[in-house]
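Remarks on the structure that follows.
The values are calculated or read from the model by the stated rules, or taken from the named source; none is laboratory data. Note that the coordinates shown come from a computational prediction; the quantities given were computed from them, not determined experimentally. Quick reminder, even Gly has a Cβ in these numbers, built from the backbone with ideal geometry, and neighbours come from all protein chains shown. Heavy atoms of the whole protein, side chains included, go into the accessibility calculation; ligands, DNA and RNA do not. Shrake-Rupley method; radii C 1.70, N 1.55, O 1.52, S 1.80 Å.
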Amino acid sequence: METDAAVNLTAAAATAAAEATETVKPVAAACYDNNLVNSQGMFLGDQPLRFSLPLLLIQVSLILLLSAAAHHVLRRLGQSRFVTHMLVGIFLGPSVLGRNHELRGTLFSERGTYILESVSLVALILFLFSMGVKTDMGLLRRPSGRAVAVGLAGAFVPLAITLPVFHVLQPTLPHDLRGSSLITELAVRLSLSSFPVIADALAELDLLNSELGRIALTASLITDVTSWFLRACFAATFLITEAKSPVFTAKILASFVAFVLFVAFVARPAGRYIAYKRTPAGDLLSEGSFVVLVIAALLSALVTDVIGFKYMIGPMMLGLALPGGMPIGATMTERLDSFFIALFLPVYMALAGYRTDLAELGAHDEKWCALELFVALCIAGKMVGCIAAGLFFAMPIGEATALALMLNIRGIVEVAAINNWGDTMKASAEHYSTLTVSMVLITAAATPLIKLLYDPTGRFARAKRRTMEGARPNAELRVMACLYTEDHAAPLIDLLEASGANRDFPVSLIVLHLTELVGRAASVLKPHKKSSSSTSNSPSDRIVNAFRHFEQQASPGAVTVSPYVAQSPYSSMHHDVCSLAHSRKANLILLPFHKSSDGARSTANNAVRAANRAVLQYAPCSVAILVDHGLAAGSACATASNRNLLQRVALYFLGGPDDREALAYAARMPESGGTAVTVVRFKLRNWVGMGGRDEVRDEEVLQEFWQRYRDDERVVYVEKTVEDGEGTASVVRSMSDKFDLLIVGRRGEDRDLEGSALTSGLSEWSECPELGVLGDMLASAEFASKVSILVIQQQAVLITAAGAGEADHQQ
């Protein structure tokens, strides 16, 4: 009893001291029995929440449960996880739930929050280290002029506005702001954009690999690297000015220089040795190597904190020195980000919200208004600077505004800075609450506005649709072949060999190797360059080598290959595909089907399926999906015998734009000299016809095709008359096993009445709508072991005058 009374008395004294000095955290130490860790249980008379472990578990569980529930609602309003975690903390704090002092003292006592904050700080240290590893410093090698201008203008304009205003108004400001460096540090912090925060926010918005997303990432990295350098210099300057002797100054400089040299000449080579020598290609780090890196990150924070610099500088510098991507960056994502950081980093942000007291905002109007004035000046100045730089480079006003909003997003780095100001007494409780609420409001307003103002697929929708049907028969065919794995190379090459490429019918081939973004914070889309190491042979290298061999085997001038690589999240991978197809003016995008089979079993990749569907929806040109049922197995034989595997190709023509596009592609195949093409025209019995535009166009293209190849014995034209969809399926079943490849139109939007009747009833069992009715039936298990299928979609052409005018301008 006496011990409990002493604890309560000391805690009360600490609370009183905190309130008297208006600090963010209590200045007096909380006194508690350090033996109260594990409870023996409530049935033996213990109060579990008086013990450290049960209290920590219930605090973490409560924060995570409330965060998950709140984000389920707030994400529908376009809010980020940062906003969710901060609002949960505010809800638990003195503003809402914490108004009940008994509940607050039970769940979030001083001793409990100390332990919780210590664990969450470890998560922050590891987060900074992980983001440092995943930061691609290659973005700074050749940054675009827009990114440099936006980054610099967005940093200097708010400083040029805020600092002079502060000096003018300084005599009239409240005393605690007048003589403090808080306003200056705040202006510097808000004028900069944090790369980890921007990268995380853009990943949530699925804008990492959008045009504006790439500009925002590069601009934020430019200012962020500069800020880390300046932060280290300012910290060193402060320590030197506080030095009492030259010896002390020399120790400070020597300590920091020694740490930098250790990172550059010991940690970096060791990290590269672990990544490239000790770890097999394509594998994650071993458990021992992973533990070594985590310990190194924690020790780097310890060293920089001990020598007088902030603990955040060490892990960030160490992370930047290590190579990102595979295997170090991927290991951090797989083992660290997905568990420990995901578990305890929300706790750090919730604790920041927990310390926010909304009552403080109304209690000191003068302080609140003065601080908000400078926050508003910084944000407005950054908006003006970014928008002005964007307009200088002829960006539309909407996109320039969206870019400025992206660079104004705030997150955990800003919260860490505010916490530091509170710890060092630069910010009082009122200042702290004002600043945290401001960061939440800025981000809460920015993210929905970005979604409203910027649609990265908009420029594809406005672009002129390039089709094979509208091109001249002997015009260069620009095909973009997309591959997710090495296994997709062989069937695509076999298909391209049968596509009739020669000097008179050339093919310009854009090869794009798509991989999921793992271990890096910024997406990648760039021309492929062979790995510098002679011993390295990456999957991209092997894919490109296969297509280079195909180029060399073709007749001179028939095929040209332009290889690219892209790394991005699957959810936004279609941005890279559509962007490259648009810039290279492709007529056709070739995609592999999301299902693959090794003969014994079939596997499906739903992420690839979602990416394919998005490409079908947004592509600026025609799209084809190849369902491979045997081409890959025969590719080696085809190469050895120098003979095309696809000697018998059939096109099922039901009518409509997709079928006409499929006919335009099939019409090139006889030019290869080794491919026989059979066109099967389906007609509905007793169909009179409506005389529509599609029907007339169908007859025209069929007539042109037959007149072109009527004397070619390799080309056969057949008409089949059926009663309904069941008759169509019956004919398809009886004929399909005679061919190596079947080509069909997707017919996603059946505008042709006869075509709709020809497939009536077949869509009831559709499993893969992206293949269309006929393609889905052909890809079913009944046909899986017999023939491969190529499903082609002609992208719909915009009919709006504005869209047509802009499309013609882009063309």
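On full extension, the segment bounded by ARG648 and ARG693 gains 13.0 nm, given 0.36 nm per residue less the C-alpha separation. Spacing of the modelled spin labels on SER61 and ILE115, each 7 Å from Cα toward Cβ, amounts to 1.4 nm.
Rolling a 1.4 Å probe across all protein chains gives ILE90 an accessible area of roughly 20 Å².
Cα centroids of the range 658-685 and the range 567-583: 30 Å apart. For the chain, which whole percent of the accessible surface, found with a 1.4 angstrom probe, sits on carbon and sulfur atoms? Roughly 59 percent of what the probe reaches on the chain is carbon or sulfur.
Estimated from the Cβ-Cβ distance and a Förster radius of 56 angstrom, the FRET efficiency linking ALA380 and ASP46 is about 0.50. Averaging Cα coordinates gives a centre for the range 383-455 and one for the range 95-151; these two points are 16 Å apart. In a simple Cβ point-charge model (Lys, Arg +1; Asp, Glu -1; nothing else charged), the range 326-370 has a dipole of about 200 debye relative to its Cα centre. Protein heavy-atom accessible surface, 1.4 Å probe, per residue over the range 222-334: 53 Å². Among GLY112, ILE125, LEU192, which residue has its Cα furthest toward the positive end of the charge dipole of the range 93-213, with +1 on Lys/Arg Cβ and -1 on Asp/Glu Cβ? Positive-most Cα among the choices belongs to LEU192. Here the range 198-350 is treated with +1 on each Lys and Arg Cβ and -1 on each Asp and Glu Cβ, and its dipole about the Cα centre works out to around 700 debye. Ranking LEU702, LEU525, ALA270 by how far each Cα lies toward the positive end of the dipole of the chain (charges on Cβ) leaves ALA270 at the top. Placing TRP421, TRP706, TRP228 in order of accessible area, with the largest value first and a 1.4 Å probe, yields TRP706, TRP228, TRP421. Per residue, the range 396-455 exposes 28 Å² of accessible surface when a 1.4 Å probe is rolled over the protein heavy atoms with every protein chain present. Largest accessible area first, the listed residues THR241, THR434 line up as THR241, THR434 when surface is computed with a 1.4 Å probe on the assembled protein chains. Quick one, could you list the DSSP H helices from the chain stretching 30 Å or more along their long axis (Cα atoms) with average Kyte-Doolittle hydropathy of 0.0 or above? In the chain, the long hydrophobic H runs are 52-74, 110-134, 145-169, 211-241, 365-392, 429-453. When mean projected area of the Cα convex hull in nm² is computed from the coordinates, the matching label among [x] 42.6; [y] 57.3; [z] 44.2 is [x]. Annotation: extensible slack from ASN686 through LEU230 equals 156.0 nm (criterion: 0.36 nm per residue apart, minus Cα-Cα distance).
Stretching LEU391 away from ARG335 to a fully extended chain increases their span by 15.9 nm, per 0.36 nm per residue minus the current alpha-carbon distance.
Using a cutoff of 8 angstrom between alpha carbon atoms and counting only pairs six or more residues apart, the relative contact order for the range 291-374 works out to 14 percent. For the pairs LYS277/LYS529; LYS585/LYS683; LYS251/LYS310, flag any whose C-alpha to C-alpha distance is greater than 27 Å. Beyond 27 Å between Cα atoms: LYS585/LYS683.
Placing +1 on each Lys and Arg Cβ and -1 on each Asp and Glu Cβ, with no other charges, gives the chain a dipole about its Cα centre of roughly 2000 debye.
Among the trypsin sites (Lys or Arg not before Pro) found in the range 493-598, those both in a DSSP coil and sparsely packed, with 12 or fewer other Cβ atoms within 10 Å of their Cβ, are ARG503, LYS529. If I take R0 = 56 Å and measure r between the Cβ atoms of THR237 and ARG609 in this structure, what FRET efficiency does the formula 1/(1 + (r/R0)^6) give, to the nearest 0.05? The computed FRET efficiency comes out at 0.50.
Set the Förster distance to 25 Å, then compute FRET efficiency between LEU441 and GLU102 from the Cβ-Cβ distance, nearest 0.05.
That pair, LEU441 with GLU102, gives E of 0.20.
When the GluC sites (Glu not before Pro) in the range 202-279 are filtered for DSSP coil states and for at most 12 other beta-carbon atoms within 10 Å of their beta-carbon, the remaining sites are GLU242.
Normalising the average separation of contacting C-alpha pairs (under 8 angstrom, six or more residues apart) by the number of residues puts the relative contact order of the chain at 13 percent.
Here is the list for the range 172-276: trypsin sites (Lys or Arg not before Pro) lying in DSSP coil, each with at most 13 other C-beta atoms within 10 angstrom of its C-beta, are LYS244.
Solvent-accessible surface of the range 485-585, averaged per residue with a 1.4 angstrom probe and all protein chains in place: 41 square angstrom.
In the chain, helical runs assigned H by DSSP with n ≥ 4 each contribute -39500 (n - 2.57); averaged across all residues and rounded to the nearest 500, the mean residue ellipticity at 222 nm is -17500 deg cm²/dmol.
For the pair the range 161-238 / the range 240-314, the C-alpha centres are spaced 25 Å from each other.
Under 16 Å from the 7 Å Cα→Cβ point of ASP712, by amide nitrogen: which residues of the range 656-677? Residues passing the 16 Å test: 662-677.
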